[in-house]
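The values are calculated or read from the model by the stated rules, or taken from the named source; none is laboratory data. This one's a predicted model, so the numbers in the text were calculated from it and none came from an experiment. Positions of Cβ are backbone-derived with ideal geometry, glycine not excepted, and every protein chain shown enters the neighbour counts. Just the protein is used for accessible areas: all its heavy atoms, side chains included, with ligands, DNA and RNA removed. Shrake-Rupley method; radii C 1.70, N 1.55, O 1.52, S 1.80 Å.
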Amino acid sequence: MIEAFHLRKTFGELTAVSDVTLDVGPGEIVALLGPNGAGKTTTVRMLAAILRPTGGSARVAGYDVETQPIAVRQRVGLLTEFPGLYNRMTAWDYLRFFAGLQGVPPALERARAEALLRRFDLWEARSLPLGDFSKGMRQKVALARALLHDPPVLLLDEPTSAMDPAGARQVRALIRELKEAGRAILLCTHNLVEAEELADRIAILRLGKTIAFDRPGELRRKLLGPPVMEVRLAGPLDGVTEAVARLAEVVEQGTDWFRYRAPEPQRLNPRVVRLLGELGAQVVTVHEVPRSLEEVYLRLIDAGEEALSETEALLWRKGGAVAVEWGKAP
């Protein structure tokens, strides 16, 4: 539903996007991450056919963003980072006005506007001017506007920005529902916990370029190494780690716990637990040590240029999602 290949955008001597390659399929959420100035917003605007690419190509819902921009806009629901609202209009009038602009049949305008206002708990405030809305309420109205014409593709830039926890949870639940309904969703966010919770794949931009694109688990494995397992016993170790070290690399230990690397957890973990039982050790818990998306992100963003080049080669050439799917090396 979204295909971008070597997208580039310059403004005079400024290069905002130098080389962005990614794809999003139906029923998939891809999170687009990167520091301020990495090119995320410019990329979204090109995919929405608002900005014309300087180079590269992109297709959205089967249409070329450069040669078929109107068809692209008809099929995209866009939430920008700073959505402009008409402050003197009521929420009800605003949504009905945009429903008409987006080609929603007159018979459906009222029903769609009401359903979305109720979904976002804004129905009781429908007659208030938007200028009186809080930031979180305004964000909900902007998201409702993006959904009015039931688009197959959603480009969402910080959809939960300025929302309270309840509102953010509500929006995340809706995004999951839209995914289950087959929508292709590109999600720009600085909230790494939210990205890891929602996204099927992660694209990370730095200096206008895609430097990583894969599933969160694969990014962790490639950048942070094999999973690390932690075992806690009912009593002191009493030298059991020396025996375990013959099966796995023990990386850390305390008085009643130890950690080891598990390149193949399904094969290795049962062997470790069985060995501990044979040694008479009472196992309390065995679990994988959590490794957050933040660790992956910061390692990539903080890497020097030489280290980054080596990392890019690892991430793209060993099963990079776009390279495999398109049969081309980005």
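Would you call GLU13 touching a strand residue (DSSP E or B) at 6+ places or on another chain (Cβ under 8 Å) and open to solvent by 20 Å² or more (accessible area, probe 1.4 Å)?
Against the criterion (touching a strand residue (DSSP E or B) at 6+ places or on another chain (Cβ under 8 Å) and open to solvent by 20 Å² or more (accessible area, probe 1.4 Å)), GLU13 does not qualify.
If we keep just the residues of the range 100-159 that are buried (at least 18 other Cβ atoms within 10 Å of the Cβ), farther than 23 Å from GLU81 by Cα and not hydrophobic (A, V, I, L, M, F, W, C), which is modelled with the highest pLDDT?
The extreme case among them is ARG112.
Do we have ALA49 as without any contact (Cβ under 8 Å) to a residue 60 or more places away in the chain, closer than 19 Å to SER161 by Cβ, of a type in the set (Gly, Ala, Ser) and in contact with a helix residue (DSSP H, G or I) (Cβ under 8 Å, 6 or more places away or on another chain) here?
It is false that ALA49 is without any contact (Cβ under 8 Å) to a residue 60 or more places away in the chain, closer than 19 Å to SER161 by Cβ, of a type in the set (Gly, Ala, Ser) and in contact with a helix residue (DSSP H, G or I) (Cβ under 8 Å, 6 or more places away or on another chain).
Identify, please: which residue in the range 233-266 is open to solvent by 90 Å² or more (accessible area, probe 1.4 Å) and within 14 Å of VAL286 (Cα to Cα) and is, among those, nearest to the chain's Cα centre (by Cα)?
GLN266
For a quick check of your reading of the model, give me the residue pairs whose first member lies in the range 78-92 and is in a loop (DSSP other than H, G, I, E, B), whose second is at pLDDT below 85, with beta-carbon atoms closer than 9 Å and at least 6 apart or on different chains.
GLU81/SER161
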